[in-house]
Amino acid sequence: ISKAVARLRRSNVSAVRERYAISAANIRENENVQVTYSYDSGVQAFVRFSGARIPLFRFDGASPHQPTRDTSGRLPVMSGEDHWRLMYPSVAASGHVLKSTSPYSFERAFVARMGTGHTGIFERTGGMTSNGKDEIEELFGPSVPQMVKNEEIMETLKREAGQTLEKRIHAEVANILRKGG
C-alpha cells in the first residue's frame, strides 16, 4: 500500500497538469499531502490534499508578467481626499486556469507588486480603503484540493494507484513463492 500511496503522491502533479494550466513547481508549492494508515479492518491508506487557493498570476497565460503601465496617455486619478493627479493606467491583465481555454482579459484588473514582494493580478472593487485609496482584491484560481477533486483527475489517480498496488501484490506473492514460503 505504501508504494501505491507513493505513486499517487508522485502522479498527482502530472494528472493536475493535464487539465489545468499551471507549472509543477506552483502545484507543489501550494499543496499539502497527508497520508494516514488504518489497520482496523484490513490495511487502508487515506490520502488528504489541503492547501489554499492559488493566485491567478501563478497560472500559465497570466500577463503581463510584471507590473506594466500603458504609456500612451495619462488619466486623472483621485489620490487621497480631493487630490487629483495624472497617472499612466495599468495594462489590463489576463489569465486562465484551464488548458482548454484561452486567456481572458479582465477589464478592471492589473498586475501589481505589493510591498511584501508578492506579485499578483488585482482588481479594483469600486470601494475605498480607510486611508482613502482604491480598494482592490486579488484574483485567484482553484486550490490543489479543488483541482484534484475533478472527476477525471480522481479517476486517473485511482487507476494508477490501483495498478501499482496490484503489481506490488503480484511481485510480493512471487517473492514469497520463490523463497518457498
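The values are calculated or read from the model by the stated rules, or taken from the named source; none is laboratory data. If you're wondering where the values come from, they're calculated on a predicted model, not measured in any experiment. Note that each Cβ is placed from the backbone with ideal geometry, even for glycine, and that neighbours are counted across all protein chains shown. For the accessible areas, the whole protein counts, side chains as well, though only heavy atoms, and no ligand, DNA or RNA atoms are used. Shrake-Rupley method; radii C 1.70, N 1.55, O 1.52, S 1.80 Å.
For the chain, what does the accessible surface come to per residue with a 1.4 Å probe? Please give it in Å². It amounts to 66 Å² per residue over the chain.
The portion of the accessible surface of the chain made up by carbon and sulfur, rounded to a whole percent, is 50 (1.4 Å probe; DNA, RNA and ligands excluded). Angle of helix 2-19 to the longest C-alpha principal axis of the chain, folded into 0 to 90 degrees and rounded to 10: 40°. Its relative contact order, with pairs defined as Cα atoms under 8 Å and 6+ residues apart, puts the range 1-119 at 22 percent. Backbone amide hydrogens, once placed in the peptide plane, bring PHE106 within less than 5 Å of ALA93, SER94, GLY95, excluding anything fewer than 5 places away on its chain. With loop membership from DSSP and a limit of 16 other Cβ atoms within 10 Å, the longest segment of the chain without GluC sites (Glu not before Pro) is 1-80. Multiplying the residue separation of ARG9 and ASP40 by 0.36 nm and subtracting their alpha-carbon distance yields 8.8 nm.
Once the Cα atoms are used to define both axes, helix 151-179 deviates from the longest principal axis of the chain by about 30 degrees. For SER23 and THR125, a Förster radius of 30 Å and the Cβ-Cβ distance give a FRET efficiency of 0.55, rounded to the nearest 0.05.
So what is the 222 nm mean residue ellipticity for the chain from helices alone, if each DSSP H run of at least 4 adds -39500 (n - 2.57) and you divide by all residues, rounding to the nearest 500 deg cm²/dmol? Per the formula, -10500 deg cm²/dmol. Taking label points 7 Å from Cα along the Cα-to-Cβ direction, ARG48 and SER2 give a separation of 2.1 nm. Largest mean-square fluctuation among ARG17, ARG85, ARG113, in a Gaussian network model of the chain whose springs join Cα atoms under 10 Å apart, belongs to ARG85. Within the listed set PRO64, PRO103, PRO76, the Gaussian network model of the chain (springs between alpha-carbon atoms below 10 Å) gives the highest mean-square fluctuation for PRO76.
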